[in-house]
Amino acid sequence: MRRSTTTALALSALTVLALTGCSRSAEPADTSAASSAPAHRGGNSATASAPLSSARLNERLLNESDLGEGYTRKPQAADQHDDVTVIGCPALDKLGSDAATLDFTRTAKASFTYAGSTNSEVSEELYSDSATKLSNGIGKVFNAMVSCPSYQVASGSTVIDMGAQKTAAPDLGDEQWSQLLTYSAGGQRSVVKQTAIRSGNVLVIVSGSPGLVDAHLDKALTKARTAR
């Protein structure tokens, strides 16, 4: 089924949704429970905290000096509004019509290329909302994406072969999610790691080359949790 898929929570320019460069208008957030969610490690003291502003979140994004030598920040791409088709994954196709699931109050994001390795990129996205909305929203996204081991995404004449598998997430923050995505298009195959950590009312998502995600996840979370 063809529909416009939201990038309110694209998870990075390298994920399946952002690969097709599509978006739609956001609606009020859905607070229904995710089909499965990781165990909570922290308390509920942050649940009622007011969301941080987008400006505050931007201050907490990693920058070139945090990442080290060889990293260059990429210009943020403008939102596009192209329809896409998800083939062979009903859960992800359904998710694309549910913009409310992915509508978080405050967002900030940055992407970087790394000169030390060919085609290596890493991106960070920060979201702030109530702990419940963050947990439910990201839980639905990850559940949908790993529910189908293989599927396709089509946008115009471009067809992307996708694969997804759940991976172990580091024991950080209050909740954790992680997955490996593989995609093939135009004879090229790439692997993207995507790890999300919720700490109170802030959600940190780091995506990109697996080695770069592992190298920078801890520092991303540390900076995102800096003094209020």
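Looking only at residues of the range 170-228 that are touching a helix residue (DSSP H, G or I) at 6+ places or on another chain (Cβ under 7 Å) and basic (Lys, Arg), we find that the one that is nearest to Ser147 (Cα to Cα) is Lys193.
Quick check, is Ala131 in contact (Cβ under 8 Å) with a residue 40 or more places away in the chain and closer than 16 Å to Gly88 by Cβ? Break it down stepwise before answering.
Working: in contact (Cβ under 8 Å) with a residue 40 or more places away in the chain: yes; closer than 16 Å to Gly88 by Cβ: no.
The answer is no for Ala131.
Of all residues in the range 152-201, those being at pLDDT 90 or above and aromatic (Phe, Trp, Tyr) number 1. Going by the structure shown, is Gln152 more than 18 Å from Arg60 (Cβ to Cβ), open to solvent by 40 Å² or more (accessible area, probe 1.4 Å) and assigned to a strand (DSSP E or B)? Yes. Residues that are in contact with a helix residue (DSSP H, G or I) (Cβ under 6 Å, 6 or more places away or on another chain), at pLDDT 85 or above and buried (at least 21 other Cβ atoms within 10 Å of the Cβ) occur in the range 57-74; there is at least one.
Of all residues in the range 154-168, those that are over 13 Å from Tyr183 (Cβ atoms) have Cβ atoms under 9 Å from Cβ atoms of residues that are surrounded by 14 or more Cβ atoms within 10 Å (Cβ to Cβ) and among the charged types (D, E, K, R), 6 or more apart or on another chain, in Gly156/Asp83; Thr167/Lys193.
With respect to Ser207, is the statement that it is open to solvent by less than 40 Å² (accessible area, probe 1.4 Å), small (Gly, Ala, Ser) and within 15 Å of Ser123 (Cβ to Cβ) true? Write out each step before concluding.
Numbers: open to solvent by less than 40 Å² (accessible area, probe 1.4 Å): yes; small (Gly, Ala, Ser): yes; within 15 Å of Ser123 (Cβ to Cβ): yes.
Here the answer is yes, as Ser207 does meet what is asked.
Cβ separations smaller than 8 Å between residues 6+ apart or across chains give the following pairs from the range 88-106 residues that are over 18 Å from Gln152 (Cβ atoms) and open to solvent by 40 Å² or more (accessible area, probe 1.4 Å) to residues that are of a type in the set (S, T, N, Q) and modelled with pLDDT of 80 or more: Thr105/Ser128; Arg106/Ser53; Arg106/Ser54; Arg106/Ser128.
The values are calculated or read from the model by the stated rules, or taken from the named source; none is laboratory data. Quick caveat, the model's predicted, so the values are computed rather than measured. Glycine gets a Cβ as well: all are built from the backbone with ideal geometry, and neighbour counts include every protein chain shown. Side chains are part of the model used for accessible areas, which takes the heavy atoms of the whole protein and leaves out ligands, DNA and RNA. Shrake-Rupley method; radii C 1.70, N 1.55, O 1.52, S 1.80 Å.
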